[in-house]
Amino acid sequence: QVGLVESGGGLVQPGGSLRLSCSGSESAFNGYSVGWYRQAPGKQRELVAQIDSGGSINYSGAAKGRFTISRDNAKNTVYLQMNSLKPEDTAVYYCQASITIFRIWGQGTQVTVSS
């Protein structure tokens with residue numbers, strides 16, 4: 001089974017940028033659809049952006065125009081570039097890889113947007 005490792009979270013000021021990475025443990029990861037989700041304290045986990053194995057992309061309304069999801073199959077990695085960050089983007093961000101009925105979650109990475 002593919003394993004996932006996330007990285008790239010941290011503390012950033014409002015208006016700043018971060019790039020999150022979700023790396024798969026093997027090349028089979030490239031056949032998975034990958035979504036970035038986030039969960040803020042006291043709130044439900046929500047989908048932020050998703051990219052399938054063919055490169056088709058969907059964004060949530062909150063992400064559209066500010067966030068960009070991409071994948072580098074040579075590196076078995078999916079990225080989430082986040083620009084113009086706002087305090088309301090503060091959350092734990094998780095990546096999820098899915099194929100047929102299988103769902104795999106990463107461990108999460110904290111993003112804090114604060115001055």
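The values are calculated or read from the model by the stated rules, or taken from the named source; none is laboratory data. Remember, it's a predicted structure, so these values are computed and weren't measured experimentally. When we count neighbours, we look across all protein chains shown, and the Cβ atoms used for this are built from the backbone with ideal geometry, even at glycine. We work out accessible area using only protein heavy atoms, side chains counted, and drop any ligands, DNA or RNA first. Shrake-Rupley method; radii C 1.70, N 1.55, O 1.52, S 1.80 Å.
So which residues in segment 29-81 are over 19 Å from residue 91 (Cβ atoms) and out of contact with any strand residue (DSSP E or B) (no Cβ under 8 Å at 6 or more places or on another chain)? So that I can check it myself, show each step before the final result.
The initial filter retains those residues of segment 29-81 that are over 19 Å from residue 91 (Cβ atoms), namely 29-33, 51-57, 70-77.
Across segment 29-81, the qualifying residues are 54, 56, 73, 74.
Restricting to segment 57-115, name every residue that is in contact (Cβ under 8 Å) with a residue 60 or more places away in the chain and small (Gly, Ala, Ser).
84, 97, 98, 106, 108, 114, 115
Applying the selection to segment 4-24, what residues are under 13 Å from residue 78 (Cα atoms) and either part of a loop (DSSP other than H, G, I, E, B) or open to solvent by 70 Å² or more (accessible area, probe 1.4 Å) (or both)? Working first, answer last.
Step one: list which residues in segment 4-24 are under 13 Å from residue 78 (Cα atoms), which gives 4-8, 19-24.
Across segment 4-24, the qualifying residues are 5, 8, 19.
Within segment 71-115, take every residue that is over 12 Å from the mean Cα position of the chain (by Cα) and of a type in the set (A, V, I, L, M, F, W, C) and give me the one that is farthest from residue 52 (Cα to Cα).
Going through the qualifying residues, I end up with 113.
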